[in-house]
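Structure first, commentary second.
The values are calculated or read from the model by the stated rules, or taken from the named source; none is laboratory data. What you see is a predicted model; the values in this text were computed from it and never measured. Don't worry about glycine lacking a Cβ; one is built from the backbone with ideal geometry, like all the others, and counts go over all protein chains shown. These area figures cover heavy atoms from the full protein model, side chains too; ligands, DNA and RNA do not enter into them. Shrake-Rupley method; radii C 1.70, N 1.55, O 1.52, S 1.80 Å.
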Amino acid sequence: MHPDIPQSVMDAVQQARHLVIFTGAGVSAESGVQTFRDALTGLWAEFDPAQLATADAFMRDPAQVWGWYEWRRALLLKVQPNVAHRAIARLQRVLPKVTLITQNVDDLHERAGSSAVLHLHGSLLAPRCFDCARPHPLAPPAGEPVQQAVQPPRCSSCGGHVRPGVVWFGEELPERALAAAFAAAQSCDCLLSIGTSGLVHPAALIPTMASRAGATVIHVNPDPVPVRHAAEYSLQGPAGLIVPLLAGGWLD
Ligand code: BV8
Ligand code: ZN
């Protein structure tokens, strides 16, 4: 029991036949991974996404864009999954059916023990050739993370530039992951949306799809999330506090 979480919300999660968990940068915030839009600390406060998170930017200045992603990849090695990631992995283990969809490009869900994670925006850990798309596995970056221009490696097969394995603005989302995410949103009985500003499309459509299909939708965010449907709730607070409670207070 928790004073701010109605029992009906607890029951909707813990008795879900099919629970969809949909995460954004906020679920990794307490691990120390910067979000995008938090006013002062977000990545976009410091860097212009149009200058860095697009294919045009990469073609214009591969070293600047590659260096920025390598800096983010190096930072990832210095952080750990937090209690929210672990509570999500626990829910996956104890509930009959859970579909985990993330907008995040980090591997913290996997490192917390989650499986079958649907990455709608790719991963920092799956670089590939910009020209022929051949995967280009990389060793973990050495040394302290530094934000600087770095020439991307060349593809061993065609000599093209290696690019980050993320989905840039203006690029299509991975078809299979998106189709699976939409199908789950339309067939689940409960969707738990954690740490997303809901601004980036088409991922932002997912909670509304679930509501329209009759699911209970629960938002976890320190900011209030506007709720528009009868069975939609906004639980105001950090993921690290609220998600373990929704997972039955289990901490492992
Ligand atoms: C596409 C990888 C088809 C890269 C990312 C106008 C209307 C609608 C759409 C568009 C439009 N104009 C352009 C578009 C399309 C565009 C888009 O949506 N733009 C937005 C900005 C308007 N979308 C695209 O381009 C997508 N592709 O549409 O393809 C197409 C094809 C060709 C031509 C046209 C269209 C591709 C989008 C994917 C972009 N890639 N990431 C990288 O990482 O560098 S997006 C990136 O930003 C993340 O992946 C994530 O999805 C998004 C950030 O969102 P959040 O995760 O929500 O993070 P944010 O910082 O915003 O919020 C954090 C939240 O956490 C906050 O609410 C905060 O309060 C909360 N929080 C903080 N602390 C905590 C917390 N919550 C809980 N606990 C805490 N402790
Ligand atoms: Zn290539």
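Taking the longest Cα principal axis of the chain as reference, the axis of helix 83-94 is set at about 60 degrees. Placing a label point 7 Å from the Cα of Q148 along the Cα-to-Cβ direction, the residues of segment 64-93 whose backbone N falls under 20 Å from that point are 64-78. Longest stretch of the chain clear of exposed loop sites (GluC sites (Glu not before Pro), DSSP loop, at most 16 other Cβ atoms within 10 Å, sites excluded): 1-170.
Remark: spin-label model distance L199-C158 equals 3.4 nm, labels positioned 7 Å along the Cα→Cβ axis. The listed residues T35, T41, once ranked by accessible area (1.4 Å probe) with the largest placed first, stand as T41, T35.
Between the helical axis of 175-187 and the longest alpha-carbon principal axis of the chain there is an angle of about 10 degrees. If the segment from T41 to V79 were pulled out straight at 0.36 nm per residue, it would be longer than the present Cα-Cα gap by 12.0 nm.
Using a 1.4 angstrom probe on the protein heavy atoms only, line up M10, M209 by accessible area, largest first.
M209, M10
Annotation for A133 and R212: the two label points, set 7 Å from Cα along the Cα-Cβ direction, are 2.8 nm apart. Only one residue of A247, L191, L235 has its Cα farthest out toward the positive end of the dipole of segment 152-252, where Lys and Arg carry +1 and Asp and Glu -1 on Cβ, and that residue is L191. Full extension of the chain between V227 and L241 gives 3.0 nm of extra length, using 0.36 nm per residue less the Cα-Cα distance.
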